[in-house]
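Beneath this line is the structure, given in structure tokens, with notes to follow.
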There are 2 protein chains.
Amino acid sequence: MDFSYTEENYLKTIFKIGLDNGTEEAGTNELAASLSVKPASVTEMLKKLKSKKLVHYEKYGKIKLTKPGRELAIDVIRKHRLWETFLYEKLEFSWDEVHEVAEELEHIRSKKLINKLDQFLRYPEYDPHGDPIPNEKGVFQKQSKKTLSKAEPGTSCKMVAVKDNSTSFLQYVVSLGLGINNKIKVIAREEFDGMMTIEINGENKSVSQKFSDNIIVI
Amino acid sequence: MDFSYTEENYLKTIFKIGLDNGTEEAGTNELAASLSVKPASVTEMLKKLKSKKLVHYEKYGKIKLTKPGRELAIDVIRKHRLWETFLYEKLEFSWDEVHEVAEELEHIRSKKLINKLDQFLRYPEYDPHGDPIPNEKGVFQKQSKKTLSKAEPGTSCKMVAVKDNSTSFLQYVVSLGLGINNKIKVIAREEFDGMMTIEINGENKSVSQKFSDNIIVI
DNA sequence: TATATTTGTTAGGTTAGCCTAACTATTATA
DNA sequence: TATAATAGTTAGGCTAACCTAACAAATATA
């Protein structure tokens with residue numbers, strides 16, 4: 001069965017709102033705001049999605065995805081994040097340019113295309129924003145990403161993405177011996193200015209808050 | 001200005017029909033058949049395209065693209081053929097699988113995307129079917145492709161694509177010393193069974209009609 | 001050149017997805 | 001707990017793109 005771009009966007013957005021608030025549920029106005037449509041349009045679409053068994057929904061009640069609805073949403077997210085990775089890694093798009101184009105690409109309907117793309121990119125686990133990419137079965141890491149600056153001293157984390165794509169920043173990252181998937185241990189953090197001491201490959205380094213704000217870790 | 005997928009498809013189809021029949025013009029029924037819609041729908045769309053100054057059109061008259069209309073059509077064709085090339089070369093799609101997916105990809109709206117893709121593919125001149133790919137300015141080869149079997153003895157041509165993607169065929173092609181962009185000179189052709197003698201890199205080879213039917217040349 | 005055939009248009013309807021305005025249900029607060 | 005605020009729904013309309021059926025123009029053929 002095939003669904004319209006619009007239907008796919010509703011499902012994806014319901015899923016995201018559900019993730020954000022932890023309840024796996026969404027409200028009409030919330031959805032409307034997120035999709036930039038009016039609440040009346042949402043109510044209408046919910047009736048359709050319900051009739052297609054993609055959402056659980058009763059008048060004035062909360063919206064929740066059904067199993068097929070959730071699978072579809074995850075599939076769209078998988079496509080979105082794979083395309084972002086493609087744009088970022090192969091076509092030299094920057095961190096902040098990938099999203100918009102991926103919004104269009106995520107709706108291309110071809111199982112083969114997306115699985116081959118996944119293979120071509122060597123089955124990446126995280127997109128350029130550090131968000132996990134669901135695999136072909138729809139399975140993905142739920143661990144939440146954050147900036148390195150938010151990591152607790154004494155804990156370890158893994159770098160999954162950078163926010164800044166300037167050459168100077170990337171060169172600095174490399175010079176510190178850091179790269180995607182590297183482990184970072186937070187030794188200490190100075191409350192006053194956010195300076196951090198981190199351990200990379202057994203070596204201690206000092207980094208500024210400006211730096212740690214631009215490193216995404218999980 | 002941005003146009004709908006549907007409008008883009010109309011323009012692309014008018015352009016193709018115009019190319020095919022040499023007049024650069026198309027008729028309503030012809031267009032309708034090609035787009036799998038009814039003539040009434042075409043008439044309606046023509047009024048809209050005319051109001052947007054994309055086609056020259058008078059009631060009961062022939063349809064012809066305006067300059068901006070033609071530019072748009074060529075841009076869509078450029079995108080289509082670049083995506084086909086990507087699918088074929090990078091994602092291991094076969095000759096006959098690329099078209100359908102490219103029909104969707106050709107409408108993605110991002111100048112940067114398509115120009116970066118072009119660069120990533122190293123500015124290919126022909127798609128996997130041997131059709132020329134317009135460059136960023138919309139310029140492309142008009143020379144018509146054909147199968148090697150249709151080439152006249154005494155003439156030379158250039159291989160631009162293959163029809164068969166089986167490993168056995170491709171290995172055979174390679175073993176003959178043939179590859180994309182190679183020059184082929186047709187020495188002789190046997191009327192009875194289509195066997196051809198061709199010259200590749202100064203060497204003469206004999207190939208069957210079945211073989212030459214699967215080599216696209218210009 | 002009259003008529004049959006082909007080609008193209010018009011009128012009126014449908015569906016998806018959106019809107020506004022008016023309304024109702026739910027929830028929060030005095 | 002009554003009422004104000006918020007959240008959600010309904011009714012009625014709009015546009016893009018499609019359709020069918022009936023008609024009109026252009027072209028081909030007897």
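The values are calculated or read from the model by the stated rules, or taken from the named source; none is laboratory data. Owing to the predicted nature of the structure, the values given are computational and were not obtained by experimental measurement. Ideal geometry is used to build each Cβ from the backbone, glycine not excepted, and the neighbour counts take in all protein chains shown. Heavy atoms of the whole protein, side chains included, go into the accessibility calculation; ligands, DNA and RNA do not. Shrake-Rupley method; radii C 1.70, N 1.55, O 1.52, S 1.80 Å.
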Of all residues in the stretch B:113-137 being farther than 17 Å from B:L87 by Cβ and open to solvent by less than 30 Å² (accessible area, probe 1.4 Å), the one that is nearest to the other protein chains (Cβ to nearest Cβ): B:P134
Helices (runs of 4 or more DSSP H) wholly inside the stretch B:1-91 containing at least 3 residues that are open to solvent by 80 Å² or more (accessible area, probe 1.4 Å) and not hydrophobic (A, V, I, L, M, F, W, C): B:39-51, B:67-89
Whichever residue in the stretch A:9-66 is within 9 Å of DNA strand C (Cβ to nearest atom) and within 19 Å of the chain's Cα centre (by Cα) and, among such residues, is nearest to A:D131 (Cα to Cα): A:N9
Subset of the stretch B:150-175 [modelled with pLDDT of 90 or more and under 10 Å from B:I215 (Cβ atoms)]: B:A151, B:C157, B:M159
Members of the stretch A:67-80 found to be within 15 Å of DNA strand C (Cβ to nearest atom) and without any contact (Cβ under 8 Å) to a residue 60 or more places away in the chain, listed by number: A:G69
The stretch B:71-105, subset closer than 19 Å to A:K90 by Cβ and among the aliphatic types (A, V, I, L, M), residue farthest from the other protein chains (Cβ to nearest Cβ): B:L82
